Amino acid sequence: MLNLIREDYETNGRYWHDPGFRAILVHRLANWGLSLRSRVLRAPVVLVCRSLFRFVRNVYGIELPFDVRLGRRVSIDHQSGIVIHGNTVIGDDCRIRHNTTMGIRSMDDLTAAPVLERGVEVGAGAVILGRVRLGAYSTVGANAVVLCDVPSGALAAGVPAVIVRTHRG
């Protein structure tokens, strides 16, 4: 766990005051606390982490539930308005910018959350809804609304998002 935190710290510019780093730190600590076998040790750690989660959500505007499967070296740039569904999977080396929403499309399937593969860049104000997969090193443009899969290396932009470019470069 300490290696993950060190990587996150370096990824976020070695600036521990960064709200994105603090949100990720709380997430990592909570997952460590939930993995403790002893209920006597686990209970206070989880209680503290739940309080810190609420602080991060209410003060910084970053809602990163403990259920999210978070990869290594993830960067949350800028604070405010970031909402991530608990079943979302975020791969290694992803970058998420402010006012981003990743969630479900309807209440009929509460587990249909997005999957971001390695190196995905999500622009400011982007909305990613439903059981969609964003391929490795793909980019979602600012204010795009993604409702379908994005292939690896592609750029998706618009409302609803369409593939603008298929190869990174």
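The values are calculated or read from the model by the stated rules, or taken from the named source; none is laboratory data. Only a predicted model underlies this, so the values are computations on that prediction, with no experimental measurement involved. Note: accessible area is taken over every heavy atom of the protein model, side chains too, but ligands, DNA and RNA are not part of it. Shrake-Rupley method; radii C 1.70, N 1.55, O 1.52, S 1.80 Å.
Extension gain, VAL159 to SER51, is 35.2 nm, computed as 0.36 nm per intervening residue step minus the present C-alpha separation.
For the chain, the relative contact order is 12 percent, taking Cα pairs closer than 8 Å that sit 6 or more residues apart in sequence and dividing their mean separation by the residue count.
Please determine, in degrees from 0 to 90 and to the nearest 10, the orientation of helix 2-11 with respect to the longest principal axis defined by the Cα atoms of the chain, where the helix direction is its Cα long axis. Helix 2-11 sits roughly 40 degrees off the main axis of the chain. Taking every protein chain into account, the accessible area of the range 74-169 amounts to 45 square angstrom per residue (probe 1.4 Å).
Taking the accessible area of the range 108-159, probe 1.4 Å, and keeping the other protein chains in place, the carbon and sulfur fraction comes to 58%.
Helix 39-55 axis versus longest C-alpha principal axis of the chain: approximately 50°, rounded to the nearest ten. Eigenvalues of the Cα gyration tensor times 5, then square-rooted: what semi-axes does that give for the range 72-169, in whole angstrom, largest first? Square roots of five times the eigenvalues give 18, 15, 13 Å.
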